[in-house]
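See structure below.
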Amino acid sequence: MNDKYAPNEIEAAARQHWNERDAYRVTEDDSKPKFYACSMLPYPSGKLHMGHVRNYTINDMLTRQLRMKGYNVLMPMGWDAFGLPAENAAMKNKVPPAKWTYENIAYMKGQMQAMGLAIDWSREIATCKPDYYKWNQWLFLKMLEAGIAERRTQVVNWDPVDQTVLANEQVVDGRGWRSGALVEKREIPGYYLNIVKYADELLAAVADPSDKSYLHGWPERVRLMQENWIGKSEGLRFAFPHQIKDASGSLIQDGKLYVFTTRADTIMGVTFCAVAPEHPLATHAAAGNAQLAAFIEECKSGGTTEAELATQEKKGKPTGLVVTHPLTGAQVEVWVGNYVLMSYGDGAVMGVPAHDERDFEFAKKYGLPIKQVVAVEGETYSTAAWAEWYGDKQRGVCIESGVLNGLSYKAAVDKVAELLGEQGLGAKKTTWRLRDWGISRQRYWGTPIPIIHCDDCGSVPVPEKDLPVVLPEDCIPDGSGNPLNKRADFLNCSCPKCGKPAQRETDTMDTFVDSSWYFMRYCDAKNSEAMVAEGTQYWMPMDQYIGGIEHAILHLLYARFWTKVMRDLGLVKVDEPFTRLLTQGMVLNHIYSRRGEKGGIEYFWPHEVEDLHDASGKIVGARLKSDGSAVDYEGVGTMSKSKNNGVDPQQLINEQGADTARLFVMFASPPEQTLEWNDAGVEGAHRFLKRVWGFGAKNAASIKAAGQDFSSLSGEGKALRREVHLVLKQVSYDYERMQYNTVVSGAMKLLNALEGFKAAGQDAAVREGFSVLLRVLYPACPHIAHALWVELGFAAELGDLLDAPWPQVDETALVQDEIELMLQVNGKLRGSVKVPAGADKAAIEAAALAHPETAKFSEGRPPKKVVVVPGRLVNVVA
């Protein structure tokens with residue numbers, strides 16, 4: 001074998017071997033325990049980044065080690081290929097999104113293959129392929145039939161220049177991120193999925209440990225994020241009666257302004273009501289009020305989410321209208337507030353500024369009354385500034401509230417519910433922060449919604465036999481709206497009901513639809529007759545899901561919802577899709593920048609600069625290597641192309657090998673924590689692999705010739721075996737808990753033990769130790785481990801390393817003939833003493849007293865006492 005480590009040759013040969021064997025193709029096999037491990041599918045943006053490398057290596061280590069333990073393991077891969085980035089790239093490069101997407105997929109797939117990942121590529125899917133999105137359309141139609149999907153209007157961000165709906169994050173300071181046009185709020189029709197129907201079930205699995213589906217294998221913070229997003233609130237929905245009539249003389253909303261509150265105990269503190277800008281009362285009032293109409297128009301460029309409204313300045317205008325307090329009969333002013341969303345509840349809130357921080361801020365700004373109606377013993381209320389206890393419902397009791405006086409929160413809520421119920425004006429109700437999922441997108445590059453619009457028949461579902469509705473792949477978006485509206489060959493069709501000319505729906509589905517069930521399609525990827533089949537029954541639920549914390553809410557929530565819908569439609573038998581979840585940490589690197597004379601920021605690559613340190617070694621600045629000019633150091637942050645702090649995995653693979661990249665990202669940090677890039681650490685990983693190869697090459701002849709008889713081993717040989725099996729025991733445990741950084745540390749300990757072993761005639765111990773090292777290292781660095789396994793003859797004995805049995809700890813090797821105790825004289829360490837493993841206290845004392853160091857440091861004085869700490873030390877006190 002070659003004496004020098006040549007990763008490019010070694011890795012190419014290993015991949016060729018696996019390809020020729022079709023080594024990673026997996027089939028259902030009831031004779032083995034199954035394990036389904038899956039990484040979140042990537043968006044084909046062009047190139048892998050180090051976050052991808054880390055994610056997939058975690059998955060690969062899990063897959064390879066479990067396969068060695070006898071599991072039937074599935075590790076698939078696919079592409080989240082629809083979405084707005086492809087349209088943006090298409091406009092920039094003047095090519096169809098399909099061309100850009102497929103080219104990126106081909107390149108990134110090649111990078112993954114160069115990493116040596118144990119992916120079953122026979123199951124590869126791309127969500128932009130008709131054979132995949134056909135089933136998006138099919139299940140959507142099934143949801144329509146079941147009443148889970150429905151068409152209704154929605155308030156959206158509309159860019160009047162680009163003629164498209166914008167996501168909230170695409171609205172910057174009220175303007176479209178690309179056109180710069182003032183964004184409008186428009187109410188347009190779209191399709192919704194009734195996820196709220198499943199809210200109780202979705203909540204129980206993340207919030208109730210006694211629930212049968214509780215996700216014990218998920219990180220606590222992800223469960224909490226899901227719980228908060230679902231946002232169950234138990235309160236009271238009630239009405240403020242009014243006599244406000246529209247132009248035709250009819251009472252608006254039947255003369256009732258409904259609100260929902262979780263603080264019905266504060267109802268006597270209501271001093272105003274606020275409605276959303278789109279509320280019918282706001283529209284009515286604006287008809288004769290130019291200032292109010294202008295304010296409502298201004299609100300249309302504001303945010304549309306709770307998060308945005310929570311941070312923006314609270315603004316309002318009076319409507320001149322009043323409603324009646326349902327318990328006191330007092331007249332309550334109605335305001336329009338920019339912080340009230342029409343899509344949340346009834347689009348109106350009761351204003352209790354004394355006990356709600358948002359209402360307090362609003363009332364202070366506009367001089368509205370503030371009436372305290374809850375008191376907490378030992379606290380003094382003041383309208384000068386908000387204090388946290390003002391909103392404390394657990395400690396307070398009602399005051400200035402008539403029949404509610406002296407009641408605690410729960411008792412007061414019950415009483416208010418009783419009083420309003422008697423009038424037919426209110427009742428207890430549970431509401432959810434979660435809203436039904438609007439899936440309509442006015443964009444081209446996505447799954448076509450399978451609906452046909454007919455002037456006579458209305459919105460008609462595409463017949464199942466006509467699926468898929470195929471998206472034309474040759475459109476080039478130009479920023480002037482959805483190009484499907486200009487494609488007569490796509491747009492024009494016949495009505496399936498009456499046969500008259502009709503038009504297809506040009507909205508496409510939210511790309512979260514694509515990623516809500518792809519993991520099930522992997523199980524039956526080539527089945528053209530069914531969305532899911534026997535493969536899904538075998539593999540699901542997924543045993544281990546791996547992905548970034550940024551997907552902890554929407555993707556996981558939608559995937560859970562989609563699974564429950566498929567279950568209720570009889571397609572799957574599982575309640576939850578993912579048994580265990582690992583959210584791997586981000587990969588970070590140093591950021592260096594400099595602001596130019598005109599205010600622009602220029603970023604520099606880490607290899608272009610030299611760090612400047614203070615006396616403690618902390619980086620305080622940097623300078624360019626090229627000219628010595630000063631550069632600002634911004635600390636560490638997520639790797640990013642825009643900040644020139646990314647690392648190209650392909651370059652690293654080309655220069656030092658995939659195994660080096662894999663080893664470093666596994667060793668540098670536990671999987672769930674952030675990883676800070678370190679070039680010196682990468683070099684260290686490469687040096688370690690060179691040492692592994694060098695040891696194998698140097699000892700190849702003796703390892704090949706060695707037997708497996710350990711009966712004649714010397715003390716040194718037994719000590720080596722003990723060290724090997726102690727490390728193996730720890731490493732096996734670390735694999736079980738996916739602490740791969742300590743797995744790599746264990747491999748390093750094994751190599752250190754082998755390199756430090758110099759006893760002659762102990763080849764059996766060395767051979768065993770190196771075979772354990774190769775199997776421990778193999779899931780992290782499969783190429784080098786495979787090559788050495790073959791070169792040193794282990795493959796001939798135990799088979800291909802891919803399916804070689806995981807090494808078992810030999811408990812007899814852990815039994816010691818001798819033990820070494822630390823020797824202290826008068827409490828100070830003076831060496832060590834070896835005694836038989838079974839030596840009693842008297843024997844240990846005798847050995848300690850006979851040791852030369854004892855006589856030397858006791859200066860001839862007789863011992864006063866000898867203290868023995870079993871298994872650790874012996875202390876002679878003279």
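Can you compute the label reach from Asp632? Point 7 Å from Cα along the Cβ direction, backbone N cut-off under 20 Å, restricted to the range 584-600.
Once the point is set 7 Å along Cα→Cβ of Asp632, 589-600 turn out to lie under 20 Å by backbone N, inside the range 584-600.
For the range 477-557, run through the trypsin sites (Lys or Arg not before Pro) and keep only the ones in DSSP coil with at most 13 other Cβ atoms within 10 Å of their Cβ.
Details: sites: Lys486, Arg487, Lys497, Arg504, Arg521, Lys526; in loops: Arg487, Lys497, Lys526.
Qualifying residues, ordered by number: Lys526.
Enumerate the aspartates and glutamates that Lys698 could reach by cross-link, defined here as Cα to Cα under 15 Å, with residues fewer than 8 away along the same chain left out.
Straight-line reach from Lys698, under 15 Å: Asp3, Glu755, Asp763, Glu791.
How many nm is it between the label spots at Asn485 and Asn2, if each spot is 7 Å from the Cα in line with the beta carbon?
6.0 nm
For the range 1-65 and the range 440-474, write down the distance between their C-alpha centroids in whole Å.
39 Å
Considering only Val53, Phe35, Gly617, whose Cα is most displaced toward the positive end of the charge dipole of the chain, charges sitting on Cβ of Lys, Arg (+1) and Asp, Glu (-1)?
Going by the charge dipole, the pick is Gly617.
Given the convex hull of the Cα atoms of the range 233-432, what is a quarter of its surface area in nm²?
11.0 nm²
Please state the relative contact order of the range 699-780 as a whole percent: Cα pairs under 8 Å, 6+ residues apart? Don't skip to the answer; put the middle values down first.
Numbers: 68 pairs, mean separation 37.8, N = 82.
Worked out over the range 699-780, it gives 46 percent.
Which whole-number percent of Cα pairs in the range 587-638 have a distance greater than 14 Å? Kindly include the intermediate steps, with their values, before the conclusion.
Values: 687 of 1326 pairs.
Cα-Cα pairs of the range 587-638 separated by over 14 Å account for 52 percent.
Could you tell me the ratio Rg/Rh of the chain? Both radii from Cα atoms, Rh via Kirkwood.
Details: Rg = 34.7 Å, Rh = 32.8 Å.
A ratio of 1.06.
Fully extended, how many nm does the chain gain between Gln163 and Lys99 (0.36 nm per residue separation, minus their Cα-Cα distance)?
Values: separation 64, 0.36 × 64 = 23.04 nm, distance 2.41 nm.
The Gln163-Lys99 span can extend by a further 20.6 nm.
Rounded if a/c is under 1.5, else prolate if a/b is larger than b/c, else oblate: which is the range 1-138, with a ≥ b ≥ c the root eigenvalues of its Cα gyration tensor?
On the way: a/c = 2.42, a/b = 1.38, b/c = 1.75.
Oblate is the answer for the range 1-138, as a/c is 1.5 or above yet b/c matches or exceeds a/b.
Show which aspartates and glutamates lie in cross-link reach of Lys410 when reach means a straight Cα distance below 20 angstrom and same-chain residues fewer than eight apart are skipped.
Of all the aspartates and glutamates, those that pass the test against Lys410 - Cα under 20 Å, at least 8 places apart if same chain - are Glu234, Asp265, Asp356, Glu377, Glu388, Asp392, Glu400, Glu418, Glu422.
Of Trp562, Trp806, how do they rank once you tally other Cβ atoms within 10 Å and put the fewest first? All intermediate terms of the calculation are to be shown ahead of the outcome.
On the way: Trp562 24, Trp806 18.
Fewest-to-most ranking of Trp562, Trp806: Trp806, Trp562.
Once both labels are modelled 7 Å past Cα along the beta-carbon direction, what's the Arg152-Val470 spacing in nm?
Taking the simple label geometry, Arg152 and Val470 are separated by 3.6 nm.
About the Cα centre of the chain, what is the dipole size in debye to 20, counting +1 per Lys and Arg Cβ and -1 per Asp and Glu Cβ, all else neutral? Each step should come with its number before you reach the end.
Values: 97 positive and 111 negative charges, 188 e Å.
With only Lys, Arg, Asp and Glu charged at Cβ, the dipole is about 900 debye.
Return the inverse of the average 1/r over all pairs of distinct C-alpha atoms in the range 541-651, which is the Kirkwood hydrodynamic radius, in Å to one decimal. It would help to have the intermediate numbers written out before the result.
On the way: mean 1/r = 0.0563 Å⁻¹.
Averaging 1/r across every pair of different Cα atoms and inverting gives 17.8 Å.
Might you report the magnitude of the Cβ-based charge dipole of the range 818-877 about its Cα centre, with Lys and Arg at +1 and Asp and Glu at -1, to the nearest 20 debye? Before the final figure, lay out each step's value.
Working: 9 positive and 6 negative charges, 53 e Å.
Dipole about the Cα centre, nearest 20: 260 debye.
Taking 0.36 nm per intervening residue step and subtracting the Cα-Cα distance, what contour gain separates Asn752 from Glu313 on full extension?
On the way: separation 439, 0.36 × 439 = 158.04 nm, distance 6.23 nm.
Here the answer is 151.8 nm.
Anything over 24 Å Cα to Cα? Flag those among Lys94/Lys526; Lys828/Lys865; Lys142/Lys300, in the order listed. Mind showing how you got there, number by number?
Working: Lys94/Lys526 33 Å; Lys828/Lys865 15 Å; Lys142/Lys300 35 Å.
Over 24 Å apart, Cα to Cα: Lys94/Lys526; Lys142/Lys300.
So how do Ile370, Ile653, Ile399 line up by other beta-carbon neighbours within 10 Å, fewest first?
Fewest-to-most ranking of Ile370, Ile653, Ile399: Ile399, Ile370, Ile653.
Let me have the relative contact order for the chain, percent, based on Cα pairs under 8 Å that are six or more residues apart. Mind dumping the intermediate values first?
Working: 1581 pairs, mean separation 119.7, N = 878.
Contact order relative to length: 14 percent.
Report the semi-axes of the equivalent ellipsoid for the range 818-877 in whole Å, largest first, where each axis is √(5λ) for an eigenvalue λ of the Cα gyration tensor. Don't skip to the answer; put the middle values down first.
Details: eigenvalues 62, 23, 19 Å².
That gives 18, 11, 10 Å for the three semi-axes.
Please report how far the C-alpha centroid of the range 78-149 lies from that of the range 485-513, rounded to the nearest whole angstrom.
The two parts, judged by their Cα centres, are 21 Å apart.
If I take every Cα pair under 8 Å that is 6 or more residues apart in the range 818-877, average their sequence separation and divide by the length, what percent do I get for the relative contact order?
42 percent
If one computes the Cα centroid of the range 618-666 and of the range 375-395, what distance in Å separates the two points?
Comparing the Cα centres of the range 618-666 and the range 375-395, I get a distance of 52 Å.
How far, in nm, would the chain grow between Ser745 and Ser233 when pulled straight, counting 0.36 nm per residue and subtracting the alpha carbon separation? List each step's numbers first, then the result.
Details: separation 512, 0.36 × 512 = 184.32 nm, distance 4.82 nm.
The Ser745-Ser233 span can extend by a further 179.5 nm.
All of the numbers you see were taken from the coordinates with simple rules; none came from a lab. All figures in this text were calculated on a predicted structure; none of them were measured in a lab. Glycine gets a Cβ as well: all are built from the backbone with ideal geometry, and neighbour counts include every protein chain shown.
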